[in-house]
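The values are calculated or read from the model by the stated rules, or taken from the named source; none is laboratory data. It should be emphasised that the depicted structure is a prediction, and the values quoted were computed from it without experimental measurement. Methodologically, a virtual Cβ is constructed for each residue, glycine included, from the backbone with ideal geometry; neighbour enumeration extends over all protein chains shown. Side chains are part of the model used for accessible areas, which takes the heavy atoms of the whole protein and leaves out ligands, DNA and RNA. Shrake-Rupley method; radii C 1.70, N 1.55, O 1.52, S 1.80 Å.
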Amino acid sequence: TRTFDVEQVRRDFPALHQDVYDDTPLVYLDNAATSQKPQVVIDRLSTYYEQENSNVHRGVHRLSQNATDAYEDAREAIRDYINAPTDEQVIFTRGTTESINLVANTFGKRLKAGDEVVITEMEHHANIVPWQMLRNDIGIELRVVPISDEGVLNLDALRNALTEKTKLVSVVHISNALGTINPVKEIVDLAHERDIPVLVDGAQSVPHGPVDVQDIGADFFCFSGHKMCGPTGIGVLYGRHDMLTSLPPYHGGGDMIDEVSFEKTTYADLPHKLEAGTPNIADAIGLASAARYISDLDTDGMTRHEHDLLDYATEQVSMIPGLSIVGTAPEKASVVSMAFDDLHPYDVGTILDRLGVAVRTGHHCTQPLMKRLGLPGTLRASFAFYNTRDDVDALAEALDTAATMLR
Ligand code: PMP
């Protein structure tokens, strides 16, 4: 049986073991922005380029066949990680942003003026702007479901926002800015009672262990590889099979066709219909390696460890005078967003950086949420399974030091 041993896990991540500036050990607490990569993922990328590099799906030669197998095996590994029913429902994209844009430019392009898309006040810009672009193009309406001051979604308001005009509910699974875990299954049920499809932005949920898209029941589920120990530039769109089948192509080009003539082109089947051009082969393979790495960890132990970090960090930073935690939903992932009464997040973040503590400051690509909360931004510490209580202590101490220096 596997047990979760954070010290052992940390040894897998070379980037965690370095000093920044002079002799200042790095304390990496910006995991919601991007995670570090374990050696197996780094090695997998090297091996691919050293031994397997070739174009996929059209080569008669051995290397191309190997690359194609590795790329399609990667799809299977991701299918397994999210428990999708078939490989064909795993579409490789550049990340969450491209996945949502894909849906907006295919599913969305079929909407009509007056049709409504429902989002929430805690969405990342990636789940706001594509719908606004569609509003500008075809005149759809955007309905925004409010949240409480604690950062909890108002489900009654969501229910009331659903009408005959609603064509999609698009909602974040876990808020990158607040850590709130939304009850996505309940949201899917509410929407499906009215035959409304649901897109779930899973960018912040997949880093905490395998997810089950069938259990969630969403019609679309999007995520990025780089937040779950994989490479940048690769991500996934999962979709319900009939939904993906019904979509028109997104990009046109090689790989996505069945037959092309100047008069007419027929398209390939899933998943290739939605993957035009040479895909990001290496990074898909690297992402699969990351998914296997996380799956091989003891998920329960890892979840307990992350909860412990969240509780401990919440307790430690709450003792700092003049600092409050932004986002206190009862269901939270290991994200601690903070605001000082009298200090700007950027000033504090800059001092933290000099002390080796890497956090995020600013609006976290959620400007409407910051406006709703009346804040210029927050100071965000986001914990991965490889962080420790020592990291929390370093954070709390650095916050104290920064506050003293700035006051
Ligand atoms: N949604 C959420 C909730 C996110 O946290 C992020 C990344 N910060 C994105 C979408 C966009 O992801 P990417 O930039 O990798 O496309």
Only listed residue being out of contact with any strand residue (DSSP E or B) (no Cβ under 9 Å at 6 or more places or on another chain), touching a residue at least 12 places away in the same chain (Cβ under 8 Å) and more than 13 Å from Ala177 (Cα to Cα), chosen from Asp308, Asp283, Asp341: Asp308
Only one of these is among the β-branched types (Val, Ile, Thr), crowded, with 23+ Cβ neighbours inside 10 Å and more than 23 Å from the chain's Cα centre (by Cα): Val335, Val348. Name it. Val348
Which fully enclosed strands (runs of 3 or more DSSP E) of the stretch 161-245 have 1 or more residues being open to solvent by less than 10 Å² (accessible area, probe 1.4 Å) and in contact with a Cys (Cβ under 9 Å, 6 or more places away or on another chain)? 198-201, 235-239
Tell me, which residue of the stretch 30-60 that is among the acidic types (Asp, Glu) and open to solvent by less than 60 Å² (accessible area, probe 1.4 Å) is nearest to His364 (Cα to Cα)? Asp30
Open to solvent by less than 70 Å² (accessible area, probe 1.4 Å), more than 16 Å from the ligand (Cβ to nearest atom) and touching a Ser or Thr at 6+ places or on another chain (Cβ under 9 Å): is that true of Pro146 in this structure? yes
So, Ile91, is that one open to solvent by less than 80 Å² (accessible area, probe 1.4 Å), within 23 Å of Pro248 (Cα to Cα) and either away from the ligand (no atom under 16 Å from the Cβ) or assigned to a helix (DSSP H, G or I) (or both) or not? no
Hey, can you tell me all the residues within the stretch 94-129 that are away from the ligand (no atom under 16 Å from the Cβ) and among the basic types (Lys, Arg)? Lys109, Arg110, Lys112
Single match in Ser295, Ser337 (criterion: modelled with pLDDT of 95 or more and part of a strand (DSSP E or B)): Ser337
Consider Gly151 carefully, then state whether it is at positive phi and within 16 Å of the ligand (Cβ to nearest atom). yes
